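The values are calculated or read from the model by the stated rules, or taken from the named source; none is laboratory data. Fair warning: this is a prediction, and the values are worked out from it, not measured in the lab. Every residue, glycine among them, receives a Cβ derived from its backbone with ideal geometry; neighbour counts consider all protein chains shown.
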């Protein structure tokens, strides 16, 4: 089943042409982001609304080192781990002050962090070139072949998604993953059982952010030009929506959610001005009829699925 | 060491801060009232504010066509506020009925996503109505400045500061002194116990949405008259700022939202004296992070022991 899905994904681009390969690439990047945020929200149960910040750190990290901005042209494959590390450091940086916060307080502080990063990108002209963005970013090379068309990108992103999904799946079934789930289900009980809550929260933030760092580097290299507006709150919201639509904590759910959420507006494109309108309405309808998502996680329900009660 | 800023500048920023703070506080009240009862972030609240602003705009434009605004400017402004508050209250009620009520027993995140969906939907409804063009509020009051000592205050600012304080005082008295207000507090405290005492919980939740939405609509008309230009995205940033203000004050806490709004407005107004204006939004969030590190439940938030 799994190999059939991977196989059909692999033969898709020649069949659907450049435009849809491009769209599928977009979907793939969102899958990577979704898999990463799912670590934070789905596994560890921490509501993070500022995830786009790490995406931005990864993207600007690569773009600054591989564009005419500073005349530096570090190869993509060298920068990729650096971007992952930068985003992870950003995750830790955000994690430390907010670890003691719970629930909606955490949500709004992370949201604020995302906005701060965007405002800084917008205004730190000497470094980021402000709203004019960074242009002519180098594409990655595989041997001597530049990855510079939608079909080549599709395969690179597909590989990225597979790697991300594999990593997240292994994490979920590891000692760390079980600790996260215990923490998500009942933080106090988990602490009593000897789980170091602060350590595992920090770990969730750091690991979750590193996925976005990789996604950001890929995004920058693929677009060739990035602007602060690419990193608005809407990205965080889209990623969160796709996790919830797919089913919290479930990796196949995240993948399906990305296809539905990012692909659907493309399919609705025929209706042009009613596109976003119907998209908003569909989100509401979806929550009313399938609040736990299309493919909910098979392991226990996430804590966020528990009925709301005052903390 | 010489003084950095003259007293006149400080007084100007005090007035600016109170004006913006009053607006933030009015919007923040809607977040906090709903959160206090349903424990959900009403993400579409900024859009209710936006619809209120447009309803006030429609009312003023209508009155302007019939020359009514010339004869009775103050009555026209009152009519605009009333129209905005009625439209937004209706919208809030419909929103609660369709998008939130079916999800009351669902997971924590489902209503949040539903609210985000409703927010995108409402933005695009307005985008289609106004055909993507920015609208300009009719200028009725003709901005004039008064000098009172060091203070230099415009008639708009007087209207906003007095109006928001009047509405806040009204709300506080309503919640503290009336039967319905007492019922609201009871539902916020313990929904099932309140239901057992014979309170119609659905009705109270509806009233909460009506009040919160009407306050946001009043803020919407104030913003429209003060900044003159309005568009379909205008609810987004004030919505986030007001939510920040509600969290600053301690979410679910009514005086906290008022205090948080004024605090945020003043902090932004005085903050721009020390750093470039583009970083204004950073001030709000940096402040939020700082406050929450030292008081994780906001300025007036109560310390509630966790349920085990």
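Does at least one position in region B:261-277 carry a residue that is crowded, with 22+ Cβ neighbours inside 10 Å, under 18 Å from the mean Cα position of the chain (by Cα) and within 12 Å of residue B:31 (Cα to Cα)? Looking through region B:261-277, at least one residue is crowded, with 22+ Cβ neighbours inside 10 Å, under 18 Å from the mean Cα position of the chain (by Cα) and within 12 Å of residue B:31 (Cα to Cα). Among residues of region A:93-141 being touching a helix residue (DSSP H, G or I) at 6+ places or on another chain (Cβ under 8 Å), under 27 Å from residue A:223 (Cα atoms) and not in a helix (DSSP H, G or I), the one that is nearest to the other protein chains (Cβ to nearest Cβ) is A:124. When residue A:76 is tested against (1) surrounded by 22 or more Cβ atoms within 10 Å (Cβ to Cβ); (2) over 24 Å from residue A:234 (Cα atoms); (3) free of Cβ contacts under 8 Å to residues at least 24 places away in the same chain, exactly one condition is not met: (3). Here residue B:53 fulfils each of the conditions (1) touching a strand residue (DSSP E or B) at 6+ places or on another chain (Cβ under 7 Å); (2) crowded, with 20+ Cβ neighbours inside 10 Å; (3) assigned to a loop (DSSP other than H, G, I, E, B) apart from (3). Consider region A:142-157 and keep the residues that are part of a helix (DSSP H, G or I) and in contact (Cβ under 8 Å) with a residue 40 or more places away in the chain. The one that is nearest to residue A:206 (Cα to Cα) is A:157. Going by what's in this entry, would residue A:263 be described as more than 14 Å from chain B (Cβ to nearest Cβ), in a helix (DSSP H, G or I) and surrounded by fewer than 24 Cβ atoms within 10 Å (Cβ to Cβ)? Yes. Just one of the listed residues (B:101, B:105) is more than 17 Å from the chain's Cα centre (by Cα), outside any helix (DSSP H, G or I) and under 23 Å from residue B:38 (Cα atoms), namely B:105.
Can we say residue B:76 is closer than 19 Å to residue B:219 by Cα and within 14 Å of chain A (Cβ to nearest Cβ)? Taking the combined requirement at face value, the residue does not satisfy it. Among the conditions (1) free of Cβ contacts under 8 Å to residues at least 40 places away in the same chain; (2) assigned to a helix (DSSP H, G or I), residue A:240 misses just one, which is (1).
Taking the criterion of being under 30 Å from residue A:73 (Cβ atoms) and not in a helix (DSSP H, G or I), the residues of region A:179-229 that qualify are A:224, A:225, A:226, A:227. Taking region B:116-136 as the range and being more than 10 Å from chain A (Cβ to nearest Cβ) and within 15 Å of residue A:285 (Cα to Cα) as the test, no residue passes.
Condition first: farther than 12 Å from residue A:42 by Cβ and under 13 Å from the mean Cα position of the chain (by Cα). Now tell me which residues in region A:239-269 satisfy that. Answer for region A:239-269, where residues must be farther than 12 Å from residue A:42 by Cβ and under 13 Å from the mean Cα position of the chain (by Cα): A:241, A:255, A:258, A:262.
In the set A:90, A:56, only one residue is over 27 Å from residue B:31 (Cβ atoms), in a helix (DSSP H, G or I) and either modelled with pLDDT under 95 or more than 14 Å from chain B (Cβ to nearest Cβ) (or both); that residue is A:90.
The condition of being facing chain B (nearest Cβ under 7 Å) and either in contact with a helix residue (DSSP H, G or I) (Cβ under 7 Å, 6 or more places away or on another chain) or at pLDDT below 85 (or both) holds for only one of A:297, A:281, A:258, that being A:281. Counting only residues that are in a helix (DSSP H, G or I) and in contact with a strand residue (DSSP E or B) (Cβ under 8 Å, 6 or more places away or on another chain), region B:221-240 holds 2 of them. Among the residues making up region B:271-301, those that are in contact (Cβ under 8 Å) with a residue 24 or more places away in the chain and facing chain A (nearest Cβ under 7 Å) are B:281, B:285, B:288, B:292.
Here is a yes/no grid of residues against (1) part of a loop (DSSP other than H, G, I, E, B); (2) in contact with a helix residue (DSSP H, G or I) (Cβ under 7 Å, 6 or more places away or on another chain):
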residue	(1), (2)
A:63	no, yes
A:69	yes, no
A:80	no, yes
A:159	no, no
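Set side by side, the residues B:246, B:257 differ, and just one is in contact (Cβ under 8 Å) with a residue 12 or more places away in the chain, crowded, with 24+ Cβ neighbours inside 10 Å, in a helix (DSSP H, G or I) and within 11 Å of chain A (Cβ to nearest Cβ), which is B:246. Taking the criterion of being more than 7 Å from chain A (Cβ to nearest Cβ), in contact with a helix residue (DSSP H, G or I) (Cβ under 6 Å, 6 or more places away or on another chain), surrounded by fewer than 22 Cβ atoms within 10 Å (Cβ to Cβ) and closer than 27 Å to residue A:42 by Cβ, no residue of region B:79-115 qualifies.
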